[in-house]
There are 4 protein chains.
Amino acid sequence: MNFDPPESVKPLLDKVERFVADHVVPAEGALLHGFDEKALAPLRAKCKAEGLWGPQIPKELGGLGLGLVEHGLVSERLGRSPIGHFVFGAQAPDAGNLEILHKYGSAEQKARWLEPLAKGELRSCFSMTEPENPGSNPTLMSCAARKDGSDYVIDGHKWFTSSADGAAFAIVMAVTNPDAPPHGRASMIIVPTDTKGFELARNIPIMGDAGKGWASHGEIWYRGVRVPQSYRLGPEGAGFLIAQERLGPGRIHHCMRWIGICERVFDTMCRHVTRRKIDDEKTLATRQIAQAWIAEERAEIDASRLMVLNAAWTIENKGFSAARESVSLIKFYVAGVMMRLIDRAIQLHGALGITSDTVLAHYYVHERGARIYDGPDEVHKMVVAKRILQRYQQ
Amino acid sequence: MNFDPPESVKPLLDKVERFVADHVVPAEGALLHGFDEKALAPLRAKCKAEGLWGPQIPKELGGLGLGLVEHGLVSERLGRSPIGHFVFGAQAPDAGNLEILHKYGSAEQKARWLEPLAKGELRSCFSMTEPENPGSNPTLMSCAARKDGSDYVIDGHKWFTSSADGAAFAIVMAVTNPDAPPHGRASMIIVPTDTKGFELARNIPIMGDAGKGWASHGEIWYRGVRVPQSYRLGPEGAGFLIAQERLGPGRIHHCMRWIGICERVFDTMCRHVTRRKIDDEKTLATRQIAQAWIAEERAEIDASRLMVLNAAWTIENKGFSAARESVSLIKFYVAGVMMRLIDRAIQLHGALGITSDTVLAHYYVHERGARIYDGPDEVHKMVVAKRILQRYQQ
Amino acid sequence: MNFDPPESVKPLLDKVERFVADHVVPAEGALLHGFDEKALAPLRAKCKAEGLWGPQIPKELGGLGLGLVEHGLVSERLGRSPIGHFVFGAQAPDAGNLEILHKYGSAEQKARWLEPLAKGELRSCFSMTEPENPGSNPTLMSCAARKDGSDYVIDGHKWFTSSADGAAFAIVMAVTNPDAPPHGRASMIIVPTDTKGFELARNIPIMGDAGKGWASHGEIWYRGVRVPQSYRLGPEGAGFLIAQERLGPGRIHHCMRWIGICERVFDTMCRHVTRRKIDDEKTLATRQIAQAWIAEERAEIDASRLMVLNAAWTIENKGFSAARESVSLIKFYVAGVMMRLIDRAIQLHGALGITSDTVLAHYYVHERGARIYDGPDEVHKMVVAKRILQRYQQ
Amino acid sequence: MNFDPPESVKPLLDKVERFVADHVVPAEGALLHGFDEKALAPLRAKCKAEGLWGPQIPKELGGLGLGLVEHGLVSERLGRSPIGHFVFGAQAPDAGNLEILHKYGSAEQKARWLEPLAKGELRSCFSMTEPENPGSNPTLMSCAARKDGSDYVIDGHKWFTSSADGAAFAIVMAVTNPDAPPHGRASMIIVPTDTKGFELARNIPIMGDAGKGWASHGEIWYRGVRVPQSYRLGPEGAGFLIAQERLGPGRIHHCMRWIGICERVFDTMCRHVTRRKIDDEKTLATRQIAQAWIAEERAEIDASRLMVLNAAWTIENKGFSAARESVSLIKFYVAGVMMRLIDRAIQLHGALGITSDTVLAHYYVHERGARIYDGPDEVHKMVVAKRILQRYQQ
């Protein structure tokens, strides 16, 4: 039993921490709202120059090739700035797309899309969720790709296709085999965004902020979009399987990023209460409710980190199926911890907390989705409970 | 004992309800973000034409002259749209300013500022909160007005001066008697916004949205602002007293508006769950957690309304001091109910909930301040508990 | 609109309050655990002598004949002592039995059981809940009464037959018409407890305390219990209807009693924190968390009272069906408020709180059932939500 | 990084688990209320025979000599039965007394008290808390030991001296140096319970249950109790230091025991919901709220275990001061998790949950103190927050 990070990764963690503190956090103010890849270019170049680019990207593609636990620890540190993952080439949805292109891509697909993606030379998006269908039930999907000669012709309506604005290509999940069993109906298909019929209807305003470029969530119409069948990623009917493989480690990544956010927010909160005067002598730090919240949040952040690292370690050492329950548990647990903490930090900041003068408002608005995307809390709870209760059925 | 609204006000309530449903809610979409008085003009004209203008404005100033309970009931109905109070001439901060101008204004002040304000011909703002000082401790105030001949010269830094953008005048709270006992140091002074030295530094971005016009919160520098002493509102040193008088009934108004918001959100949530399919047959309305939340929220909204009406009724029938505890209790209780409800409604909407495609996101962002302004929850709780515990001190 | 108690009842409330404070609370210590009717006799005699006996008992039966709101207000005051309702002849389950005997009893039944019950000369119990079947689903009932000549022969297994120990008779709910539609299968039958085959298996230990006499909850076997059919109370098949009629106002009574408990606990808590030293100078009353809890609990108790009185007033003035939702809401809302308050009061008392040296431990143990009996919270929430959502179904 | 229990301890854990399941749990029913050492004797003998006695007792005293992490893992398994620790010789307060006797005892003290204690031949108690003084402030202590010749003469009033009923000796904390700085005023003194003036006033009823023997909490008067100064344990004035040393690892032990309780309760709850029918076809396991609670509780129990093991591991590998915050955090975090879980398990059991027919009621009553003893939650939160905030003070 050993709760320390692996020795091998400690120097890297220190380096990442310093880079984030020295270069990323100071730059974030200007970039927070509606940044695009051009604005980040100098920071990304610096990151590459220091040998920190792509912590999770395979070495043969120019990254550091870290494992799940190691990248988790890095990811927490990147999460301390809203732009951290973008600077290091570890941002969603590119990271997940990169993973599945690496595993399932043909040589041609890899040359055309994977390699420039890994270098940060182009951007991508992932088009699965549909406004008319509940994301929690993947057998309800309307977007269809029918074969026509050697092509697919895709018709559908997607939203929350994050970063579609400016992406070079989308990986689209579409029903190709409507008569197959529910989980074998869909396939993944690569669609260059300049294909005729690909229409980015809008960047969806999230809590009033539509964002732009990377920091956006697109609503997309696919109207008779025609691509060669060779653009299909992986086997026909493997859409759900690939989506699941993409989401599993993705949950670890998300959770570790959220813990990074938690540490940033916790730090902001502690700093504020020790500086804010409530009368001529005392600061807000002397208030018992502030103290109680700080203690409770410290406990919950620590709990979160241990649970996520434990899940990551279990995946790496005992396989994904040994970690299935843990992965479901952390998804809702850590998201809940994060949102409660953000809310309390705002409350302790008073009027300042609701302004955009601190990073808190950004998180309050842009991380609220954490309890919803990739399955709302309530669905994850049902799934994990059913799995647990199976062991008790007679 | 009688829990029904007064008979006398029922026809008016019906009329208001219909007006809001038929004219206000349909118009809100276009107006929600950054509206100004011009955009609202046709609706306000219609409201006047139907004899509904100014429910809380005294009759001699052209309003309906409703009492606290009656206006509370109207205010709930206006609260069902984010623009309701603006359409009816009952919006903060003008409503509060109107009250204190009516009570304390000189004949000259009334002619110049109160009358056009009551007609909706000009707008106002209220400049009390300071970024450097906790709003919860009114004896910590830096903005100062020193006498110079027959003038005041005001220097200070204020923020959360709501609706300053476009206002004709501000009512500024400034220290005029620094050597008086703490609660007698400040006075209220009317400052036309075109006075030299009045500088609107910015509309403060709230959760990323700076708004404009009425729907904005200004940060203001007062740099050597010179106005005649005759612009002082009420007696010298009466600033805190007037602020308190303004805030007391203001809490009733806020709370009833919040209950209107709650009803709107509750209705939105119930409609959504009965329409959202979770599989081929069932809707989200069949889920036990959705049901539990609906039941819990219904209980808390009902509790909120009863508490606020009870407080309003007590003020009207037994005087403000008999209602002091109730007024503190409703401030934090109702704000808490509202924010929990909004959060749950978002959660039940899934991805749709965090978009601006429903009214929920607007409330999530723009009502978060309810638990902070006019005293954070934690301060109200301390105040009311100390008052209760005094009765137990030996 | 009028939030004051009816003028007519105020003198009575004062008198009851004084009687409880002067005579009931001082006596409760000795009686708290396992009291029986003999021990209460002197107090009950005094109560009768002062003309306070039977606030809810019809006048023709020797009581005060109060309506729902009036008795609710009295009941709150009785609730301030765990033995209050027993002293005044308003205790469950006798009060509910009295109601249905009064409404449905034959002349013979009234003479034999109702009249001595109203005078407090004998005791009764109500035998509905079965250990093998969920109380929340009344169509699942196993206890059966089959006709045999002019008799019923009853076989069944009941528990939570409160006060069976020492009762003269039970009102038993049993299936008489197994082939009728679900809600028309059962009837109410009066069973003298000395009938052969009536076996009180045990007083069920509640949290370790089995109690005795009135303060007990019996598990009962009915083994071939034979009674004349003339002992049936009300029409054949009317069991569920009568049970519902018994439970409806019963919820008002329970809730008002719980509010009385809340006031007692709140008072105990406030008294303790103002007396408990935390250092040489300060008491626990200066702690912000104690203050926050006191404020939050004050708000929730006030909310509870307003909700229950509103429900009672609605029943009296608009009929039960207008109050159906309110009655479901108060059941879980007030029970939740009470249990949270008790828990916090214990926490503020520290080690003293878990001892039986205050009344808190008694409530913690013996009121936990409030969130369960007469339908667990979760079932009430489902019921009320379904009713609300019906209005939204298209 | 390695989240697995040490390989070395796995066989022992399996053996302990089997012993608890096969021998301890089946016996607990008869022993649950008011057991004493005689009733446990056969089980203890069996435990010794299997070589499982005294997991935390040093090897030279006949135990297994486990370290903190190893014993923590064992302790969790013992915690699955309310009598587990008693059977294995690991029960409070003897375990803590054994530790300090081992570290501070003179040769004579060890021979007379430590050795028979380690063998389970006699019992002990620990007498620190005073009813008149807050346990959270150790500088407020009234019990005094004045020197008289070669003796101490002790006068004082203590309570929550657990297991005093039947103990051979008490370790009493008493002020010996009233003029020293606050933390150097008290000493630990061994008092045989048959010393004149040692008066066990009562076993304090906890939630109505006074218990007896081991399972009791004594209120004790020390009236002129005279013992030789050689009975002092450790240096003069070292009382607080020793108390702290006793409490630190004690928190790990408590927390791991609570996690054992959590697992027992979780298991009971899962078993119940999969067996309890809610209609002819479905069980309670199909209810979404039951599922949500199971998922949430699973997450919190897992979080608890990871946090406590991490704290224990840190103490063992980096020293106690590196773990100070963690130890404070787990005290309130795990106690809170346990009590919420117990409450929810009761709720899901319905009426059965409040009876003593399951183990739940025992825990509800007898573990409520967990949030209070050894410092109430609120005090631990203040302590840990102040420590954290020190790092932010400028």
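Could you count how many residues in the range D:162-187 are in contact with a strand residue (DSSP E or B) (Cβ under 6 Å, 6 or more places away or on another chain), of a type in the set (A, V, I, L, M, F, W, C) and under 26 Å from D:Lys212 (Cα atoms)? Steps first, answer last, please.
Filtering the range D:162-187 for residues in contact with a strand residue (DSSP E or B) (Cβ under 6 Å, 6 or more places away or on another chain) gives D:162-165, D:167, D:169-176, D:185-187.
In the following step, the residues that additionally are of a type in the set (A, V, I, L, M, F, W, C) were identified as D:164, D:167, D:169-175, D:186.
This time we only want the ones that are under 26 Å from D:Lys212 (Cα atoms), so: D:164, D:167, D:169-174.
Within the range D:162-187, residues that are in contact with a strand residue (DSSP E or B) (Cβ under 6 Å, 6 or more places away or on another chain), of a type in the set (A, V, I, L, M, F, W, C) and under 26 Å from D:Lys212 (Cα atoms) number 8.
For the range C:196-212, name all the residues that are small (Gly, Ala, Ser) and closer than 20 Å to C:Arg368 by Cα.
Correct list: C:Gly208, C:Ala210, C:Gly211.
Test of understanding: among D:Gly250, D:Gly260, which residue is modelled with pLDDT under 95, in a helix (DSSP H, G or I), in contact with a helix residue (DSSP H, G or I) (Cβ under 9 Å, 6 or more places away or on another chain) and small (Gly, Ala, Ser)? Give the derivation first.
Numbers: D:Gly260 fails: modelled with pLDDT under 95.
One residue alone meets the criteria, D:Gly250.
Could you say whether any residue in the range D:140-150 is touching a Pro at 6+ places or on another chain (Cβ under 9 Å), closer than 23 Å to D:Glu99 by Cβ, surrounded by 16 or more Cβ atoms within 10 Å (Cβ to Cβ) and of a type in the set (A, V, I, L, M, F, W, C)?
no
Per-residue answers, yes or no, for (1) at the interface with another protein chain (Cβ under 7 Å from one of its Cβ atoms); (2) farther than 15 Å from A:Gly250 by Cα; (3) touching a Lys or Arg at 6+ places or on another chain (Cβ under 6 Å); (4) crowded, with 24+ Cβ neighbours inside 10 Å:
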| site | (1), (2), (3), (4) |
| --- | --- |
| A:Ala299 | yes, yes, no, yes |
| A:Ser304 | no, yes, no, yes |
| A:Val308 | no, no, no, yes |
| A:Phe320 | no, no, no, no |
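Considering C:Ile261, C:Ile294, C:Ile289, which residue is touching a residue at least 40 places away in the same chain (Cβ under 8 Å) and surrounded by 18 or more Cβ atoms within 10 Å (Cβ to Cβ)? I'd like the intermediate steps shown before the answer.
Numbers: C:Ile294 fails: touching a residue at least 40 places away in the same chain (Cβ under 8 Å); C:Ile289 fails: touching a residue at least 40 places away in the same chain (Cβ under 8 Å).
Selected residue: C:Ile261, the only one of C:Ile261, C:Ile294, C:Ile289 that is touching a residue at least 40 places away in the same chain (Cβ under 8 Å) and surrounded by 18 or more Cβ atoms within 10 Å (Cβ to Cβ).
Quick check on my filter: what residues within the range A:164-212 are within 14 Å of chain B (Cβ to nearest Cβ) and either under 22 Å from A:Ser124 (Cβ atoms) or among the aliphatic types (A, V, I, L, M) (or both)?
As a first pass, look at the range A:164-212 and keep what is within 14 Å of chain B (Cβ to nearest Cβ): A:182, A:201-212.
If the condition is that a residue be within 14 Å of chain B (Cβ to nearest Cβ) and either under 22 Å from A:Ser124 (Cβ atoms) or among the aliphatic types (A, V, I, L, M) (or both), then A:Ala201, A:Arg202, A:Asn203, A:Ile204, A:Ile206, A:Met207, A:Ala210, A:Gly211, A:Lys212 are the ones that fit.
Tally the residues that are in a loop (DSSP other than H, G, I, E, B), in contact with a Leu (Cβ under 7 Å, 6 or more places away or on another chain) and either modelled with pLDDT of 95 or more or among the polar types (S, T, N, Q) (or both), restricting the search to the range B:124-151.
Filtering the range B:124-151 down to residues in a loop (DSSP other than H, G, I, E, B) leaves B:128-143, B:149-150.
Pick out the ones that are also in contact with a Leu (Cβ under 7 Å, 6 or more places away or on another chain) and you get B:133-134.
Those left that are additionally either modelled with pLDDT of 95 or more or among the polar types (S, T, N, Q) (or both): B:133.
Count: 1.
Run down B:Lys15, B:Lys38, B:Lys48 and say which single residue is closer than 30 Å to C:Thr314 by Cβ and more than 14 Å from every other protein chain (Cβ to nearest Cβ). I'd like the intermediate steps shown before the answer.
Details: B:Lys38 fails: closer than 30 Å to C:Thr314 by Cβ; B:Lys48 fails: closer than 30 Å to C:Thr314 by Cβ.
Matching residue, one of B:Lys15, B:Lys38, B:Lys48: B:Lys15.
Can you tell me which of (1) out of contact with any Pro (no Cβ under 9 Å at 6 or more places or on another chain); (2) over 17 Å from A:Asp155 (Cβ atoms); (3) without any contact (Cβ under 8 Å) to a residue 60 or more places away in the chain is the one A:Thr195 doesn't meet?
(2)
When you scan the range D:85-106, do you find a residue that is among the charged types (D, E, K, R) and surrounded by fewer than 22 Cβ atoms within 10 Å (Cβ to Cβ), even just one?
Residues of the range D:85-106 that are among the charged types (D, E, K, R), as a first pass: D:94, D:99, D:103.
Checking which are surrounded by fewer than 22 Cβ atoms within 10 Å (Cβ to Cβ) leaves us with D:99, D:103.
Yes, the range D:85-106 has at least one match.
Going through the range A:229-254 one residue at a time, which ones are over 15 Å from A:Val175 (Cα atoms) and among the small types (Gly, Ala, Ser)?
A:Ser230, A:Gly248, A:Gly250 - these are the residues of the range A:229-254 that are over 15 Å from A:Val175 (Cα atoms) and among the small types (Gly, Ala, Ser).
Which one of these does A:Leu40 not meet: (1) of a type in the set (A, V, I, L, M, F, W, C); (2) over 17 Å from the mean Cα position of the chain (by Cα); (3) at pLDDT 95 or above?
(3)
Does D:Ala285 satisfy the criteria of being part of a helix (DSSP H, G or I) and either assigned by TED's automatic domain parsing to the domain that holds D:Glu76 or within 26 Å of D:Leu78 (Cβ to Cβ) (or both)?
Details: part of a helix (DSSP H, G or I): yes; either assigned by TED's automatic domain parsing to the domain that holds D:Glu76 or within 26 Å of D:Leu78 (Cβ to Cβ) (or both): no.
No; evaluated as a whole, the condition is false for this residue.
Go through the range B:268-283 and count every residue that is in contact (Cβ under 8 Å) with a residue 12 or more places away in the chain and more than 8 Å from every other protein chain (Cβ to nearest Cβ).
Within the range B:268-283, residues that are in contact (Cβ under 8 Å) with a residue 12 or more places away in the chain and more than 8 Å from every other protein chain (Cβ to nearest Cβ) number 3.
Give just the number: which of (1) farther than 30 Å from D:Pro26 by Cα; (2) touching a Ser or Thr at 6+ places or on another chain (Cβ under 7 Å); (3) part of a helix (DSSP H, G or I) does D:Ala345 not satisfy?
Of the numbered conditions (1) farther than 30 Å from D:Pro26 by Cα; (2) touching a Ser or Thr at 6+ places or on another chain (Cβ under 7 Å); (3) part of a helix (DSSP H, G or I), the odd one out for D:Ala345 is (1).
Scan the range B:346-355 and give yes if some residue there is more than 9 Å from every other protein chain (Cβ to nearest Cβ) and crowded, with 21+ Cβ neighbours inside 10 Å, otherwise no.
Step one: filter the range B:346-355 for residues more than 9 Å from every other protein chain (Cβ to nearest Cβ), giving none.
No, the conditions are met nowhere in the range B:346-355.
Kindly establish whether A:Phe3 is surrounded by 15 or more Cβ atoms within 10 Å (Cβ to Cβ) and in contact with a Cys (Cβ under 9 Å, 6 or more places away or on another chain). Spell out the reasoning first.
Working: surrounded by 15 or more Cβ atoms within 10 Å (Cβ to Cβ): yes; in contact with a Cys (Cβ under 9 Å, 6 or more places away or on another chain): no.
Here the answer is no, as A:Phe3 does not meet what is asked.
Looking only at the range B:357-373, which residues are free of Cβ contacts under 8 Å to residues at least 40 places away in the same chain and at the interface with another protein chain (Cβ under 7 Å from one of its Cβ atoms)?
Step one: filter the range B:357-373 for residues free of Cβ contacts under 8 Å to residues at least 40 places away in the same chain, giving B:357, B:361, B:364, B:371-372.
Result: B:Ala361, B:Tyr364, B:Arg371, B:Ile372.
Of the residues D:Ile190, D:Ile100, D:Ile171, which is touching a residue at least 40 places away in the same chain (Cβ under 8 Å) and more than 19 Å from the chain's Cα centre (by Cα)? Before you say what the answer is, go through the steps one by one.
Values: D:Ile100 fails: more than 19 Å from the chain's Cα centre (by Cα); D:Ile171 fails: more than 19 Å from the chain's Cα centre (by Cα).
Just a single option satisfies the conditions, and that option is D:Ile190.
Tally time: how many residues in the range B:374-385 are closer than 11 Å to B:Glu325 by Cβ and either in contact (Cβ under 8 Å) with a residue 40 or more places away in the chain or more than 7 Å from chain C (Cβ to nearest Cβ) (or both)? Full working, then the answer.
Taking the range B:374-385 as the starting set, the residues that turn out to be closer than 11 Å to B:Glu325 by Cβ are B:380, B:383-385.
In the following step, the residues that additionally are either in contact (Cβ under 8 Å) with a residue 40 or more places away in the chain or more than 7 Å from chain C (Cβ to nearest Cβ) (or both) were identified as B:380, B:383-384.
Total meeting the criteria: 3.
Filter the range B:119-151 for residues that are farther than 15 Å from B:Gly239 by Cα and away from chain A (no Cβ under 13 Å) and give the result.
B:Lys119, B:Gly120, B:Glu121, B:Leu122, B:Arg123, B:Ser124, B:Cys125, B:Lys147, B:Asp148, B:Gly149, B:Ser150, B:Asp151
The values are calculated or read from the model by the stated rules, or taken from the named source; none is laboratory data. This structure is a prediction, so every number in the text was calculated from the model and none was measured. With ideal geometry, Cβ positions are generated from the backbone for all residues, glycine too; neighbour counts draw on all protein chains shown.
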